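J.: Quick one: this structure, given as structure tokens, is what I'll be asking you about.
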Amino acid sequence: MTAKFSKETYLYWYELMQLIRQFELMAEEKYKMEGKIRGFFHAYVGQEAIAAGCMTATRPEDLFITAYRDHGLAIAKGVTVNSCMAELYGKATGCAKGKGGSMHFFSKENNFYGGHGIVGAQIGTGAGLAFAEQYRNSENVVLTFFGDGAARQGMLHETFNLAMLWKLPVVFICENNNYAMGTSIQRTSNVVDIYKLADAYEMPADTIDGMSAEAVHNGISRAVNRAREKGGPTLIEIKTYRYKGHSISDPQKYRSKEEVDDYRGKDPIQQVLHTIYENQFATEADIEIINNRVNAMVSASVRFAEESPWPDDSEVLKDVYVDPHYPFIID
Ligand SMILES: Cc1ncc(C[n+]2csc(CCOP(=O)(O)OP(=O)(O)O)c2C)c(N)n1
Ligand SMILES: [Mg+2]
């Protein structure tokens with residue numbers, strides 16, 4: 001396949017996707033084999049091309065907000081694997097000070113606004129962030145991610161209505177991985193093409209292949225440009241797949257091994273690697289250097305998490321509620 005993007009772009013995509021995947025595989029091992037991580041844990045494995053394509057289609061100042069399947073997008077936005085691993089371990093050095101866990105990664109410095117456990121709630125919060133950007137007259141765009149299950153929540157409709165009315169600088173991204181826990185998309189509605197939900201609000205919409213970083217980049221770029229040029233929101237349905245269960249404790253009785261294998265055959269990391277080799281952007285030795293670098297970062301993140309202190313008891317009520325007496329200022 002001829003390359004449609006630069007060598008640097010493919011190598012960036014490859015390393016980022018590998019970092020996300022190896023981070024999660026390591027964390028899963030620490031959870032299952034050693035019991036060092038507990039609580040909820042939803043892996044992004046299989047969906048990494050979404051993070052990769054969205055990164056090259058946006059600027060660092062653009063804001064991301066997502067649901068509980070949040071490790072990949074946080075790492076993509078530059079939240080360090082050290083602070084992500086520490087958060088999974090519940091340590092004070094975690095990106096949510098060890099108080100959020102897997103579902104609540106957060107980093108205002110990296111413009112990563114969570115990490116939300118209530119299905120669909122972040123759709124409205126994402127529009128709220130976009131309202132603040134519009135109010136400030138900034139050029140920033142908000143990428144609001146949610147699942148196919150979340151698309152069935154009433155929140156989506158109220159948010160789409162106001163986002164279109166006010167032409168907010170937001171891109172709504174449905175990561176359609178075909179399942180909401182064990183419920184397939186066909187069992188949640190007669191409308192299985194989620195991008196069509198935009199029609200009722202005359203919102204532009206698109207559907208794209210989530211196993212291809214190239215396709216994600218192209219589709220998201222169009223939507224981001226529209227939002228940045230004050231053209232308002234877009235709904236992008238990204239057809240993707242999670243290789244792992246819904247969460248770490250899912251026996252996966254609702255789908256066949258053949259179906260999972262079929263998607264593993266379209267693996268986004270392998271697709272990018274294939275293009276890299278075909279265009280001689282890197283040799284096997286170069287790729288090994290990248291893999292070693294990624295593995296070293298992930299191993300270092302485990303050491304960092306294990307050596308970090310637990311949060312102090314005095315932290316327990318901090319950052320939980322906003323002080324109602326604190327003046328609300330939009331800076
Ligand atoms: C309001 C609410 N209802 C139900 C749940 C339980 N729940 C957690 S995840 C989930 C499925 C959501 O699926 P989807 O939006 O497709 O996201 P995915 O897990 O596939 O990324 C449900 C029903 C919840 N967390 N919040
Ligand atoms: Mg889903």
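J.: Condition first: away from ligand 1 (no atom under 16 Å from the Cβ) and among the β-branched types (Val, Ile, Thr). Now tell me which residues in the stretch 89-143 satisfy that.
T.: Thr93, Val141, Val142
J.: A follow-up question, please. Working carefully through the options Arg152, Arg136, find the one that is basic (Lys, Arg) and more than 16 Å from ligand 2 (Cβ to nearest atom).
T.: On inspection, the qualifying residue turns out to be Arg136.
J.: Now a separate question. So which of Lys77, Lys36, Lys4 ends up being open to solvent by 30 Å² or more (accessible area, probe 1.4 Å), under 20 Å from Ala300 (Cα atoms) and more than 16 Å from ligand 1 (Cβ to nearest atom)?
T.: Lys36 is the lone residue from the list that is open to solvent by 30 Å² or more (accessible area, probe 1.4 Å), under 20 Å from Ala300 (Cα atoms) and more than 16 Å from ligand 1 (Cβ to nearest atom).
J.: Further, regarding this structure: Between Leu168, Leu129, Leu162, Leu143, which is assigned to a loop (DSSP other than H, G, I, E, B), more than 16 Å from ligand 2 (Cβ to nearest atom) and touching a residue at least 12 places away in the same chain (Cβ under 8 Å)?
T.: Working: Leu129 fails: assigned to a loop (DSSP other than H, G, I, E, B); Leu162 fails: assigned to a loop (DSSP other than H, G, I, E, B); Leu143 fails: assigned to a loop (DSSP other than H, G, I, E, B).
So the residue among Leu168, Leu129, Leu162, Leu143 that is assigned to a loop (DSSP other than H, G, I, E, B), more than 16 Å from ligand 2 (Cβ to nearest atom) and touching a residue at least 12 places away in the same chain (Cβ under 8 Å) is Leu168.
J.: Here is a further query. Of all residues in the stretch 146-172, count the ones that are in contact with a Cys (Cβ under 7 Å, 6 or more places away or on another chain) and more than 10 Å from ligand 1 (Cβ to nearest atom).
T.: 0
J.: Name the residue, out of Met85, Met17, Met26, Met55, that is part of a helix (DSSP H, G or I), among the hydrophobic types (A, V, I, L, M, F, W, C) and in contact with an Asp or Glu (Cβ under 6 Å, 6 or more places away or on another chain).
T.: Residue meeting the stated conditions: Met17.
The values are calculated or read from the model by the stated rules, or taken from the named source; none is laboratory data. Values in this document were obtained by computation on a predicted structure and should not be read as measured data. When we count neighbours, we look across all protein chains shown, and the Cβ atoms used for this are built from the backbone with ideal geometry, even at glycine. Side chains are part of the model used for accessible areas, which takes the heavy atoms of the whole protein and leaves out ligands, DNA and RNA. Shrake-Rupley method; radii C 1.70, N 1.55, O 1.52, S 1.80 Å.
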